[in-house]
Amino acid sequence: EFGKKLSIWADKNVKKSIRTLGLFSGAGGLDIGFHDAGFDVVETVELEAKFAASQLANKNEGKYLVDTNVICEDINNYKPSLKKIDFIIGGPPCQSFSAAGRRAAGVRGTNDERGGLFWEYARVLKKLKPKGFLFENVYGLLGAQKGEAIRQITSAFEALGYTLSYRILDTADYGVPQHRERLILVG
């Protein structure tokens, strides 16, 4: 209900469309949230077919992401062809930095294939040169590899000319009925 009201408010008050690309989109939760806030999510990229199918189910008239191009593809093979993107959003896989990953196999951080996918995020940023971006992940990323993981990630984004700010947010503070702490990094 909050999302619908936010969307109505944004339609009336946001004068310019913010063309947005979603990377590592999963089932589309972050994309729908940004849509509700008035962002025009023009394309999403997701590896898992079952998650991309969830996004496609939200393309029907009267739902979310109606005009969004949903691409089901490995981010390593994604070649963005969009003309103008203002903002990029996405949360690369978190297993390399999460508590569950630590219990299963230890925190391999950026040494893990999934943990190194931030380089693909940076590659897309470099190509499209948006005005800004939001990078989301688990709070465990801050301590992974004794802080080396977050240093590598922030250095990669700063090298592209972005000024960064990040903090840990708890989804319970924003209406989600569970505590879920997430690292939100904005450039």
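Per the conditions (1) farther than 27 Å from Val42 by Cβ; (2) more than 15 Å from the chain's Cα centre (by Cα), the sole criterion not satisfied by Lys127 is (1).
Applying the criterion of being at pLDDT below 90 and surrounded by fewer than 13 Cβ atoms within 10 Å (Cβ to Cβ) to the residues of region 82-119, the residue that is nearest to Tyr139 (Cα to Cα) is Ala99. Total residues in region 120-156 satisfying the condition of being acidic (Asp, Glu) and surrounded by fewer than 17 Cβ atoms within 10 Å (Cβ to Cβ): the figure is 1. Any residue in region 62-72 that is open to solvent by 50 Å² or more (accessible area, probe 1.4 Å) and at pLDDT 90 or above? Yes, the conditions are met somewhere in region 62-72. Restricting attention to region 157-179, which residues are open to solvent by 60 Å² or more (accessible area, probe 1.4 Å), assigned to a helix (DSSP H, G or I) and touching a Gly at 6+ places or on another chain (Cβ under 9 Å)? The answer is Glu158, and nothing else.
Within region 26-59, being open to solvent by 20 Å² or more (accessible area, probe 1.4 Å), assigned to a helix (DSSP H, G or I), over 21 Å from Asp86 (Cβ atoms) and not hydroxyl-bearing (Ser, Thr, Tyr) holds for Ala49, Lys50, Phe51, Ala53, Leu56, Ala57.
The values are calculated or read from the model by the stated rules, or taken from the named source; none is laboratory data. Worth saying up front: this structure is predicted, and the values here are computed from it rather than measured. Don't worry about glycine lacking a Cβ; one is built from the backbone with ideal geometry, like all the others, and counts go over all protein chains shown. Keep in mind that these areas ignore ligands, DNA and RNA; they rest on the heavy atoms of the full protein, side chains included. Shrake-Rupley method; radii C 1.70, N 1.55, O 1.52, S 1.80 Å.
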